[in-house]
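First up is the structure itself, then whatever we jot down about it.
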């Protein structure tokens, strides 16, 4: 006879593991995006300072 409780438990545990892994990957990629935006903003600030110095 099929043990549905065991089948459900296996499926539930695997889905739970995958959801946790997806959350971790999402956090990692969000951090990568934030860091790239910070670098872009820093570069823009530096370019603005150069422009300001040229105009004075």
*Expected 222 nm ellipticity per residue - DSSP helices of 4 or more, -39500 (n - 2.57), all of the chain, to 500*: -35000 deg cm²/dmol
*Does anyone have the angle between helix 4-55 and the longest principal axis of the chain? Alpha-carbon axes, 0 to 90°, nearest 10?*
0
_No solvent, one uniform scatterer per C-alpha: report log10 I(q)/I(0) for the chain via the Debye equation at q = 0.12, 0.17, 0.29 1/Å, two decimals._
-0.55, -0.72, -1.01
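Just so you know, all these numbers are worked out from the coordinates, no wet-lab data involved. Remember, it's a predicted structure, so these values are computed and weren't measured experimentally.
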